[in-house]
Amino acid sequence: MKSVILVLFDIISNFGSRIFSFACAFYILQYTDTSYMYSVYLALIVLCGIMTSPIIGVFTDSMNNKWLVITAQMATITILMVFFFLYDNVGVQLIIVTGMVLTITDSVNMLIIQSNLQNIAENHLERIVSLRQTIITIVTFLAPMAGGVLIAFVSIQTLATLTLVTESLSLVLLLMLPLKTYLEKTERTSFITNFKEGFGYLKRDRIILLCIAIGLSINFLVNSIVVGIPIIAIQTLGLNSQQFGVIEASLTISIFLTSLLFSVFPIQSHLFRNIKVSILLYSVILSGLGIFLFFDVSHTVAFIFLIGVYAGIGFAMPYFNIPYSIYLQKTINDAYKGRVFSINQSVVQALMPLSMFFYGIILNQHEGMVFLLTGIATFDVLVVFSILSRSYQDIAEV
C-alpha cells in the first residue's frame, strides 16, 4: 500500500509541476522580446537548487519530516494562490519568483522521499527505484506535450490553479507515507554542526564518497551526448527536423523500456558489477560515436547510427542510475541520507551547466576527436573505480 501511495504521488506531483514549469518557460519566451529574461529565469532556478539543497538536507535529517512536508506544500499552495490573483498586475517577474519558490519546495519533497525511500519501499526497494525512473521518463515526455495543448486553451492562471490542486493532493499522499518524525542525535545539535557532520560522514565512508565522485564524473562526461548530438545531427550531418525528432524520441523510448524492464525484473544483487558494465557501455558508445564521425557516410546511415547511439545511451542511463541509487539507499546511514543526497544533488546541478558550457565550446570543431577522448576518459573512470573499490577492505559486493 505504501508503495502504491508513493507511485501515485510521483505521478500527480511530477505531472502537475512539470506542466506548470513548461507553461512558465513558454510565457517568458512568448511575452518578452529577448532571451535575456529567460536566461535569468533558468539561472535563478539552478542557483536556488544549488544553494538550498544542502540546507534542506540538514533539516531533513534533523527535523520532523511530516512538518517539513506540510510547510513546503503550504508554501507551494500560497505562492500559487498569489500567482493566480496577482499575475495580471505583476507579470513575468512573478513567474520567476514562483519558479524559485517551487524549485525550493520541490527539493524539500524530493529529498524527504529519498531520505525515507527504503522505509517506504521496504522489501521492494529495487522495484520501486526502477518504477520511479519509469514514471519520471513518462512524465518528462508527456508533460511538455500536455502543457503545449493546455496553453492553447487556458490561461497560465488556470494552469496555476490546476497545479494547486495536484500539489494539494500530493500533500495528502505524502502525509499517508511513513516519514521520519525525529532523529534523537541530530535534535541535540546545531544547524552548523549537522551541516559539518554531513561532510564528515562522507569523508569517513570512503566507498560512498567514491561512488558519488564516480556518479558525478559520469554525469559530466555523458552530458557531452546531450550537447553534441543536436550539433552533429543538425549542423554537421544536416539532418532535417523530422529525422532529429525521431532521434530524440529514441532516447526517451529506450529509457522508458529499460526502466520498465528493471521494474519487472529488478536488479537485486551485484550492484557494483552492473555499475561497471554500464560505465563500460558508456565508454564504448562515446568512443564509437567519435570513430564514426571520422568517416563520411550518407544521411541515411548517419540517421540510423544516431538512433542507435541514443538507444544505447537510453539503455545505459537507467542501467547505471538504478543500481547506483539502490546502493546509496542501502548503504547510507538513515541519519545522514538527507545531507548526503542534498550534497550530491547540489554538485550535480552545478556540474550540469558547467558541462554544457564546456562541451558547447569544444564541440564546435573536431567532434570526432572530442567524443573519442570523452569515451577514453569514461573508460579511465571505470578503471579508477575498479581499482579503488577493490582497495577498500570494507567493501563487499552486494
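So is Phe85 in contact (Cβ under 8 Å) with a residue 40 or more places away in the chain and either in contact with a His (Cβ under 6 Å, 6 or more places away or on another chain) or assigned to a helix (DSSP H, G or I) (or both) or not? I'd like the intermediate steps shown before the answer.
Values: in contact (Cβ under 8 Å) with a residue 40 or more places away in the chain: no; either in contact with a His (Cβ under 6 Å, 6 or more places away or on another chain) or assigned to a helix (DSSP H, G or I) (or both): yes.
Criteria not met by Phe85.
If you check Leu271, Leu239, Leu209, Leu216, which single one turns out to be touching a His at 6+ places or on another chain (Cβ under 9 Å), among the aliphatic types (A, V, I, L, M) and farther than 30 Å from Ile79 by Cβ? Working first, answer last.
Numbers: Leu271 fails: touching a His at 6+ places or on another chain (Cβ under 9 Å); Leu209 fails: touching a His at 6+ places or on another chain (Cβ under 9 Å); Leu216 fails: touching a His at 6+ places or on another chain (Cβ under 9 Å).
On inspection, the qualifying residue turns out to be Leu239.
Which number in (1) closer than 19 Å to Pro323 by Cβ; (2) modelled with pLDDT under 85; (3) of a type in the set (S, T, N, Q) marks the one condition that Thr134 misses?
So the condition that Thr134 fails would be (2).
Check off (1) in the same structural domain as Gln118 (by TED's automatic domain parsing); (2) touching a Gly at 6+ places or on another chain (Cβ under 8 Å); (3) not acidic (Asp, Glu) for Lys180 and give me the number that stays unchecked.
(2)
Tell me, yes or no, whether region 353-376 has at least one residue that is in a loop (DSSP other than H, G, I, E, B), outside the structural domain of Ile45 (by TED's automatic domain parsing) and polar (S, T, N, Q).
Of all residues in region 353-376, those in a loop (DSSP other than H, G, I, E, B) come to 363-366.
If we keep only those that are outside the structural domain of Ile45 (by TED's automatic domain parsing) too, we end up with 363-366.
Those left that are additionally polar (S, T, N, Q): 364-365.
Yes, because at least one residue in region 353-376 is in a loop (DSSP other than H, G, I, E, B), outside the structural domain of Ile45 (by TED's automatic domain parsing) and polar (S, T, N, Q).
Considering region 198-213 alone, what residues qualify as being under 19 Å from Phe385 (Cβ atoms), in a helix (DSSP H, G or I) and in contact with a Ser or Thr (Cβ under 9 Å, 6 or more places away or on another chain)? It would help to see each step written out before you state the result.
Within region 198-213, the subset under 19 Å from Phe385 (Cβ atoms) is 202-203, 205-213.
Next cut, in a helix (DSSP H, G or I) only: 202-203, 206-213.
Those that are under 19 Å from Phe385 (Cβ atoms), in a helix (DSSP H, G or I) and in contact with a Ser or Thr (Cβ under 9 Å, 6 or more places away or on another chain): Ile207, Ile208, Leu210, Cys211.
Just a yes or no: is a residue in region 47-58 crowded, with 21+ Cβ neighbours inside 10 Å, within 19 Å of the chain's Cα centre (by Cα), in the same structural domain as Leu162 (by TED's automatic domain parsing) and of a type in the set (A, V, I, L, M)?
Yes, region 47-58 has at least one match.
Please state which one of Ile136, Ile79 is under 16 Å from Val7 (Cα atoms), part of a helix (DSSP H, G or I) and either touching a strand residue (DSSP E or B) at 6+ places or on another chain (Cβ under 9 Å) or not acidic (Asp, Glu) (or both). Steps first, please.
Working: Ile79 fails: under 16 Å from Val7 (Cα atoms).
Checking each option against the conditions leaves just Ile136.
Taking Ser224 and the conditions (1) more than 18 Å from the chain's Cα centre (by Cα); (2) surrounded by 15 or more Cβ atoms within 10 Å (Cβ to Cβ); (3) part of a helix (DSSP H, G or I), which numbered condition does it fall short on, given that it satisfies the others?
Result: Ser224 fails condition (1) only.
Among the residues of region 270-277, are any free of Cβ contacts under 8 Å to residues at least 12 places away in the same chain, over 21 Å from the mean Cα position of the chain (by Cα) and loosely packed, with under 15 Cβ neighbours inside 10 Å? First the steps, then the outcome.
From region 270-277, those free of Cβ contacts under 8 Å to residues at least 12 places away in the same chain are none; that's our starting set.
No, region 270-277 contains no residue that is free of Cβ contacts under 8 Å to residues at least 12 places away in the same chain, over 21 Å from the mean Cα position of the chain (by Cα) and loosely packed, with under 15 Cβ neighbours inside 10 Å.
Restricting to region 344-390, count the residues that are of a type in the set (Val, Ile, Thr), in contact (Cβ under 8 Å) with a residue 24 or more places away in the chain and within 29 Å of Met51 (Cβ to Cβ).
3
In region 93-110, is there at least one residue being under 23 Å from Ile267 (Cα atoms) and assigned to a helix (DSSP H, G or I)? If you could, list the steps in order and put the result at the bottom.
Just the residues of region 93-110 that are under 23 Å from Ile267 (Cα atoms), to begin with: 110.
Next, from what is left, pick out any that are assigned to a helix (DSSP H, G or I): 110.
Yes, there is a match, as at least one residue in region 93-110 is under 23 Å from Ile267 (Cα atoms) and assigned to a helix (DSSP H, G or I).
How many residues are over 14 Å from Phe220 (Cα atoms) and within 21 Å of the chain's Cα centre (by Cα) when one looks only at region 351-371?
Result for region 351-371: 0.
Taking the criterion of being crowded, with 16+ Cβ neighbours inside 10 Å, among the acidic types (Asp, Glu) and modelled with pLDDT of 90 or more, would at least one residue in region 193-211 satisfy it?
No.
Looking at region 290-343 only, could you name the residues that are part of a loop (DSSP other than H, G, I, E, B) and without any contact (Cβ under 8 Å) to a residue 60 or more places away in the chain?
Across region 290-343, the qualifying residues are Phe295, Asp296, Val297, Ser298.
Looking at Phe358 and the list (1) surrounded by 14 or more Cβ atoms within 10 Å (Cβ to Cβ); (2) within 22 Å of Glu126 (Cβ to Cβ); (3) modelled with pLDDT under 90, which single condition is not satisfied?
It is condition (2) that Phe358 fails.
Within region 165-176, is there a residue that is acidic (Asp, Glu) and assigned by TED's automatic domain parsing to the domain that holds Ser342?
At the first step, the residues of region 165-176 found to be acidic (Asp, Glu) are 167.
Narrowing the set further to residues that are assigned by TED's automatic domain parsing to the domain that holds Ser342 leaves none.
No, every residue in region 165-176 fails to be acidic (Asp, Glu) and assigned by TED's automatic domain parsing to the domain that holds Ser342.
The values are calculated or read from the model by the stated rules, or taken from the named source; none is laboratory data. Predicted model only: the values in this text are computed from it and were never measured. Don't worry about glycine lacking a Cβ; one is built from the backbone with ideal geometry, like all the others, and counts go over all protein chains shown.
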